[in-house]
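What follows is one structure encoded as structure tokens, with my remarks underneath.
The values are calculated or read from the model by the stated rules, or taken from the named source; none is laboratory data. Because the structure is a prediction, the values reported are computed rather than measured. All Cβ positions, glycine included, derive from the backbone under ideal geometry; neighbour counts span all protein chains shown. Heavy atoms of the whole protein, side chains included, go into the accessibility calculation; ligands, DNA and RNA do not. Shrake-Rupley method; radii C 1.70, N 1.55, O 1.52, S 1.80 Å.
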Amino acid sequence: MGEVSRKLGSKPICCWSRDGHKLVSASTDNIVSQWDVLSGDCDQRFRFPSPILKVQYHPRDQNRVLVCPMKSAPVMLTLSDSKHVVLPVDDDSDLNVVASFDRRGEYIYTGNAKGKILVLKTDTQDLVASFRVTTGTSNTTAIKSIEFARKGSCFLINTADRIIRVYDGREILTCGRDGEPEPMQKLQDLVNRTPWKKCCFSGDGEYIVAGSARQHALYIWEKSIGNLVKILHGTRGELLLDVAWHPVRPIIASISSGVVSIWAQNQVENWSAFAPDFKELDENVEYEERESEFDIEDEDKSEPEQTGADAAEDEEVDVTSVDPIAAFCSSDEELEDSKALLYLPIAPEVEDPEENPYGPPPDAVQSSLADEGMGSEKKRQSSSDGPQAPKKKPKTTNIELQGVPNDGA
């Protein structure tokens with residue numbers, strides 16, 4: 001990952017593929033690149049005529065990438081054949097468009113500066129539904145971003161009027177073209193009228209967090225009720241750049257001034273949990289002792305029934321099969337992706353191997369000198385054959401967009 005980060009340039013926009021093996025990025029040089037995460041090599045590149053505002057992999061097909069260039073309609077790239085499709089827009093004169101795949105990639109939602117939302121079928125780019133976001137009156141407001149929950153059919157729209165609107169995707173599709181759906185919730189800061197830099201759902205889709213565009217502050221709402229649960233304040237004077245919620249745990253990450261802040265609950269140690277029969281008491285409790293409780297033979301004690309833990313002793317326990325982790329599976333999947341990249345292999349960088357306290361013992365080093373001598377001769381022979389072939393340069397495809405001037409980056 002360090003090798004990839006050095007090649008990305010300044011202020012990159014990145015998105016992971018579903019299996020974690022690929023990474024698509026866009027930087028200030030107008031180039032969209034796909035990277036191999038393990039090798040750090042660039043597979044292919046696409047040069048656009050204008051800067052890129054957003055890149056997003058298809059949630060189920062890593063061969064397709066959604067790109068939002070500045071002052072242009074969104075573009076869907078097909079990586080296998082380097083082809084592209086320009087998505088239809090509502091108004092050709094208004095090209096400040098944001099776009100996003102829905103949770104499963106069946107539809108693409110686009111929004112423009114006049115508050116118009118279009119829902120397009122991903123495979124055919126046909127318009128299936130549309131509506132306009134209004135501000136109580138007939139006035140419209142610009143769409144800043146569209147974010148979908150990881151679970152369920154809900155999505156949110158962050159608009160220029162500083163209100164976060166939450167909709168149900170099923171209702172949007174039911175209303176069809178030029179529908180008038182009502183948002184499930186309208187979330188805002190009524191006191192300070194805070195504009196929002198970035199919004200997202202929690203992993204289970206039950207909460208919404210929004211980062212302020214004025215300061216390092218996070219606002220958390222409960223989606224079902226719409227009440228403000230918590231306000232988290234970071235360092236004063238910092239401006240928030242991005243915020244993300246952990247896909248499984250109640251942990252939030254925010255970035256400001258190049259520093260990533262991790263927000264989580266304080267874990268309270270409960271030692272009594274290790275002893276199920278032990279009960280913690282906040283204060284002394286008066287205990288009434290039975291007459292024969294501490295006798296050698298308790299005459300008052302009834303015969304215990306074989307229930308609970310005693311009955312479970314006779315059951316066979318399966319210790320060989322591995323159950324899939326529900327957090328790593330979608331609602332329409334039963335098994336995890338066996339080829340998914342869940343961990344990055346890393347090794348410590350040793351500056352001076354001779355002073356490495358964790359290296360092999362001296363005896364092992366001396367015994368391997370003879371083998372190294374044999375190996376050095378083979379290395380000299382291989383080096384004499386010629387230098388190693390350089391890495392293959394990635395193919396660069398120029399994307400020409402009609403009516404978009406090239407800024408010469």
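Points worth noting:
- All positions within the range 125-140 that are open to solvent by less than 10 Å² (accessible area, probe 1.4 Å) and more than 10 Å from Ile157 (Cα to Cα): Ala129, Ser130, Phe131
- Listed by position, the strands (runs of 3 or more DSSP E) inside the range 154-200 whose residues that are of a type in the set (D, E, K, R) number at least 2 are 164-168.
- Qualifying positions in the range 121-149 - in a loop (DSSP other than H, G, I, E, B) and among the hydroxyl-bearing types (Ser, Thr, Tyr): Thr122, Thr124, Thr135, Thr137, Ser138, Thr141
- Residue within the range 136-150 that is without any contact (Cβ under 8 Å) to a residue 24 or more places away in the chain, acidic (Asp, Glu) and closer than 22 Å to Arg60 by Cα present: no
Residues checked against (1) at pLDDT 95 or above; (2) at negative phi; (3) outside any loop (DSSP other than H, G, I, E, B):
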site: Arg214; (1), (2), (3): no, yes, no
site: Ile220; (1), (2), (3): yes, yes, yes
site: Ser224; (1), (2), (3): no, yes, no
site: Lys230; (1), (2), (3): no, yes, yes
site: Thr235; (1), (2), (3): no, yes, no
site: Glu238; (1), (2), (3): no, yes, no
site: Asp242; (1), (2), (3): no, yes, yes
site: Pro247; (1), (2), (3): no, yes, no
site: Pro250; (1), (2), (3): no, yes, no
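- For Val191, the requirement of being farther than 23 Å from Lys151 by Cα, surrounded by fewer than 16 Cβ atoms within 10 Å (Cβ to Cβ), over 18 Å from the mean Cα position of the chain (by Cα) and not small (Gly, Ala, Ser) is met.
- In the set Lys186, Lys198, only one residue is at pLDDT 90 or above and open to solvent by 60 Å² or more (accessible area, probe 1.4 Å); that residue is Lys186.
Conditions (1) of a type in the set (Phe, Trp, Tyr); (2) closer than 15 Å to Ile164 by Cβ, marked per residue:
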| residue | (1), (2) |
| --- | --- |
| Asn192 | no, yes |
| Lys198 | no, yes |
| Phe201 | yes, yes |
| Leu218 | no, yes |
| Val229 | no, yes |
| Thr235 | no, no |
| His246 | no, no |
| Ser257 | no, no |
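- So Val248, is it touching a strand residue (DSSP E or B) at 6+ places or on another chain (Cβ under 8 Å) and either surrounded by 13 or more Cβ atoms within 10 Å (Cβ to Cβ) or within 21 Å of Cys154 (Cβ to Cβ) (or both): no
- Qualifying residue in the range 253-273 (condition: open to solvent by less than 80 Å² (accessible area, probe 1.4 Å), closer than 30 Å to Val98 by Cβ, aliphatic (A, V, I, L, M) and touching a Lys or Arg at 6+ places or on another chain (Cβ under 7 Å)): no
- Taking the conditions (1) open to solvent by 70 Å² or more (accessible area, probe 1.4 Å); (2) among the hydrophobic types (A, V, I, L, M, F, W, C); (3) at pLDDT 95 or above in turn, Phe155 satisfies each one other than (1).
- Pairs, first among the hydrophobic types (A, V, I, L, M, F, W, C) in the range 85-106, second surrounded by fewer than 16 Cβ atoms within 10 Å (Cβ to Cβ), C-beta under 8 Å, six or more apart: Val85/Thr78; Val85/Gln125; Val86/Gln402; Leu87/Gln125
- Taking the criterion of being hydrophobic (A, V, I, L, M, F, W, C) and without any contact (Cβ under 8 Å) to a residue 40 or more places away in the chain, the residues of the range 44-72 that qualify are Ile52, Cys68, Met70.
- Any hit, the range 276-296, residues being open to solvent by less than 80 Å² (accessible area, probe 1.4 Å), over 25 Å from Lys198 (Cβ atoms) and either modelled with pLDDT under 75 or part of a loop (DSSP other than H, G, I, E, B) (or both): yes
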